[in-house]
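The values are calculated or read from the model by the stated rules, or taken from the named source; none is laboratory data. The structure displayed is predicted, hence computed values, not measured ones. Counting neighbours? That spans all protein chains shown, and the Cβs are built from the backbone with ideal geometry, glycine included. Heavy atoms of the whole protein, side chains included, go into the accessibility calculation; ligands, DNA and RNA do not. Shrake-Rupley method; radii C 1.70, N 1.55, O 1.52, S 1.80 Å.
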Amino acid sequence: MQLSELLTPPLTLCHVDVVSKKRVLELASQTIAEQLNGPAAEDIFSGLINRERLGSTGIGEGVAIPHCRMAGVDRAVGMLMTLASPIDFDAIDNRPVDLVCLLLVPEQGAEEHLQTLAGLAELFNDSETREALRACTDSESLLTRVQGLCQER
Amino acid sequence: MILTLLFASAMLLISIVLSPLSNRIGMPVLLLFLGVGLLAGQSELGQLMSTEVESTFLVGHLALAIILLDGGMRTRFETFRVGLKPALSLATFGVVITAAVTGWAAHWILGLPLLPSLLIGTIISSTDAAAVFALLQNHGLRLNQRVSATLEIESGSNDPMAIFLTIILLELITRSTPPGVGEAALLLLTQMGLGAVGGLAGGWLLARVLPKLALQAAFYPLLVTAAGLSVFALVSLFDGSGFLAIYLMGIQVGNRGLRKLDDILQVHDGLAWLAQLSLFLMLGLLLSPHDKMEYIPEGLALAAVLILIARPLAVFITLWPFGFRWREQLFIAWVGLRGAVPIVLALFPLMADIEHAALFPIIAFIIVTLSLLLQGTTLARAARWLKLELPAEPAALRRLNIEWASPKNHRLMVFELDGEHWTPPRTLKGVRLPTDIVMTAVLRDGVMLPYEPDLKLQSGDQLAVIGEEEAELPLARLFSSVASIPALKESTFFGAFELNGSVQLEALAQNFGIEVPVELHSLSLADYIDSCLQAPPVVGDRAGLGSIQLVVKSLEAGKVSRVGLKF
């Protein structure tokens, strides 16, 4: 599944002002919980934190893709944030992160979701994509840019 | 006398000036030296020089000893973990098998008696350290460590075996009462035993004494050369293997964390090249006057047997207990480069003045040339084709030791900023830097700027950093990148996501929904990968788990510490 199909306007945020990895994950958990009326924010947060314990999802070049499987979610949900200033995410290349793309998937259909995850990593692997997203100044244009980028591919 | 000097130095000069050509035409530089030697040998003076077998013999020994010393100093102890046992098996049994098979073939092809045929097989049986080191390093090729460590240690340590076999066979040929089994065994024991003891003791002593001496900076590398050659000569004098001794001595000196090692290595790099040059020029010289090039078809046939049958056979037989994959075995079989050693060994029969002695340098020449031409030029492609190449690691542009009264070995490293990290320009804020480093200055468009945390770094800047050796790689990865083919991009090769080696498979099953048999649940990733491999793990090893692939990304103390995740 493409990123544009996973995102909705309330889950696409531009220049979010956060100071730490923990805060980003908390903010994301809350925002998603409000939108979904499914799992509680605490459950999402602990799911994400548990995944981070296996190894940081900061995949390098300022990008992080936190993800987890979640009971009570019936379809894959994405959330995209650009940060106002880069934060320490314990990323594998030691660089601070300012692009966070979060993925929450249902427990069934693991294979398909791994492909979605791989697709996200692939999308952010491209430096032009990253710069294009960083250059966006408001949430609407960020979403439009994502839709544009996904159509091109 | 002066004329000889002029001749020799002119040959050196021409070879060195021509050396950049070799990169352009993709030919190993050693072949170029050989060509210059051949041409020079056509002159009257060259023919005169080449008749002095004794001095050629001396130069050959000296050159080989220098090359082995340098090779030893560049062999890292860490590589012993994966490479030592297979390499030693290859360096001993492998040499015997190669020599026997090629010798047998020579018996048929050349129609010589068995003993001289075996002697031919022996002189071309050892893999050349210098050629392997030079080719592996020059291509900027980062190979699977199982392969590179095995090749490096093998090529450094198999020369004594080949030399020993040569000496034994020569004794058998020249003596009226050939040595019996007992005497031969004793000779082997003396050669290896004295070589090992002399080399280890000499190396240990040198590594102890060297830091305590207050010498002029220029004397340290020379001290190593002098000490190495002394041990080499002394051990040889008592019938030990001087070559084994000087190689072991190099390993000792190179792995003791000596502060002066960088300077020593720099000088020895030059010396080793000089030695190579001399050897190949010499071989070229040696051949011309005899004008017996009618052995070309036989030589080529023998080379084919060596490259296509003897070496692969030796590799497959000696490596099977060590769990190498077939790709790795195939590559090691292909990189059985022949170089300086056959040249020196071909001089032994000349010195002993046995029948057909003139044949040996010709055969050595044909085989070395073909090996360098065929295997040397295809090495990089073979590695890529067999998927043994790893993403290259960036490195500092320059490093310079700082000699001040600190117990730590500080060095000044210069990095060039390149790649997409630094466009647009940005500061180092938020970046996790290695500990205990100091950023000093930035060179931008030829102007030096003091480093400040607010300074935005941009592509093309050069950055000078003071730190210890361990800081180089993390810094280099931060500042620079290495251009490569798409398949070798870090995120493609290892997968985008990274996991800790200590993670249990159960956690993997929960987080990714992969099916893992219950009995494996408590296994850590590191242990699981170990259980999938038949050999100690190295970076780049892969293990499948359900629909995902685990790729070894780094190791700590022989244990997998980080694992890449490919879907």
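Considering only residues that are in contact (Cβ under 8 Å) with a residue 24 or more places away in the chain and open to solvent by 10 Å² or more (accessible area, probe 1.4 Å), look in the range B:525-534 and name the one that is farthest from A:GLY47 (Cα to Cα).
Only one residue tops the list, namely B:GLN534.
Looking at (1) over 30 Å from B:LEU279 (Cα atoms); (2) not in a loop (DSSP other than H, G, I, E, B), which one does B:LEU302 not meet, given that it meets all the others?
Among (1) over 30 Å from B:LEU279 (Cα atoms); (2) not in a loop (DSSP other than H, G, I, E, B), B:LEU302 violates only (1).
Taking the condition polar (S, T, N, Q), farther than 30 Å from B:GLU403 by Cβ, open to solvent by 20 Å² or more (accessible area, probe 1.4 Å) and touching a residue at least 12 places away in the same chain (Cβ under 8 Å), does B:GLN191 pass?
no
Please pick out the residue among B:VAL82, B:VAL59, B:VAL147, B:VAL132 that is touching a helix residue (DSSP H, G or I) at 6+ places or on another chain (Cβ under 7 Å), touching a residue at least 40 places away in the same chain (Cβ under 8 Å), open to solvent by 20 Å² or more (accessible area, probe 1.4 Å) and part of a helix (DSSP H, G or I).
B:VAL59
Look through A:VAL97, A:VAL146, A:VAL105 and report the one residue that is more than 30 Å from B:LEU478 (Cβ to Cβ), touching a residue at least 12 places away in the same chain (Cβ under 8 Å) and of a type in the set (A, V, I, L, M).
Only one candidate qualifies: A:VAL105.
Please work out which one of (1) out of contact with any Pro (no Cβ under 7 Å at 6 or more places or on another chain); (2) within 12 Å of chain B (Cβ to nearest Cβ); (3) not small (Gly, Ala, Ser) is the condition A:PRO96 fails and give its number.
It is condition (1) that A:PRO96 fails.
Return a yes/no flag: does the range B:92-111 have any residue that is touching a Pro at 6+ places or on another chain (Cβ under 7 Å), touching a residue at least 12 places away in the same chain (Cβ under 8 Å) and open to solvent by less than 40 Å² (accessible area, probe 1.4 Å).
There is no residue in the range B:92-111 that is touching a Pro at 6+ places or on another chain (Cβ under 7 Å), touching a residue at least 12 places away in the same chain (Cβ under 8 Å) and open to solvent by less than 40 Å² (accessible area, probe 1.4 Å).
Considering only the range B:367-386, state which residues are at pLDDT below 90, among the β-branched types (Val, Ile, Thr) and under 18 Å from B:MET282 (Cα atoms).
Answer for the range B:367-386, where residues must be at pLDDT below 90, among the β-branched types (Val, Ile, Thr) and under 18 Å from B:MET282 (Cα atoms): B:VAL368, B:THR369.
Please list, ordered by first then second residue, the pairs with beta carbon atoms under 6 Å, 6 or more apart or interchain, first in the range B:368-393 and surrounded by 18 or more Cβ atoms within 10 Å (Cβ to Cβ), second assigned to a helix (DSSP H, G or I) and charged (D, E, K, R).
So the pair list comes out as B:LEU386/B:ARG327; B:PRO391/B:GLU490.
Per-residue answers, yes or no, for (1) charged (D, E, K, R); (2) farther than 17 Å from A:ASP17 by Cα; (3) facing chain B (nearest Cβ under 7 Å):
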{"site": "A:ILE65", "(1), (2), (3)": "no, yes, no"}
{"site": "A:GLU111", "(1), (2), (3)": "yes, yes, yes"}
{"site": "A:ALA118", "(1), (2), (3)": "no, yes, yes"}
{"site": "A:THR129", "(1), (2), (3)": "no, yes, no"}
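Which residue out of B:PRO434, B:PRO450 is surrounded by fewer than 12 Cβ atoms within 10 Å (Cβ to Cβ) and more than 26 Å from B:ARG384 (Cα to Cα)?
B:PRO450
Matching residues to (1) within 11 Å of chain A (Cβ to nearest Cβ); (2) open to solvent by 10 Å² or more (accessible area, probe 1.4 Å):
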{"residue": "B:SER502", "(1), (2)": "yes, yes"}
{"residue": "B:ALA507", "(1), (2)": "yes, yes"}
{"residue": "B:PHE512", "(1), (2)": "yes, no"}
{"residue": "B:LEU520", "(1), (2)": "no, yes"}
{"residue": "B:LEU523", "(1), (2)": "no, yes"}
{"residue": "B:PRO536", "(1), (2)": "no, yes"}
{"residue": "B:GLY540", "(1), (2)": "no, yes"}
{"residue": "B:ALA543", "(1), (2)": "no, no"}
{"residue": "B:ALA557", "(1), (2)": "no, yes"}
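What are the residues in the range B:198-235 that are without any contact (Cβ under 8 Å) to a residue 40 or more places away in the chain and surrounded by 20 or more Cβ atoms within 10 Å (Cβ to Cβ), if any?
Selection gives B:ALA227, B:VAL231.
Hey, does the range B:210-221 have a residue that's on the phi < 0 side of the Ramachandran plot, part of a helix (DSSP H, G or I) and among the small types (Gly, Ala, Ser)?
No, there is no match, as no residue in the range B:210-221 is on the phi < 0 side of the Ramachandran plot, part of a helix (DSSP H, G or I) and among the small types (Gly, Ala, Ser).
Results for (1) within 14 Å of chain A (Cβ to nearest Cβ); (2) under 22 Å from the mean Cα position of the chain (by Cα), shown as yes or no for each residue.
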residue: B:ILE363; (1), (2): no, no
residue: B:ILE367; (1), (2): no, yes
residue: B:THR378; (1), (2): no, yes
residue: B:ALA395; (1), (2): no, yes
residue: B:SER406; (1), (2): no, no
residue: B:THR427; (1), (2): yes, no
residue: B:ARG432; (1), (2): yes, no
residue: B:VAL447; (1), (2): no, no
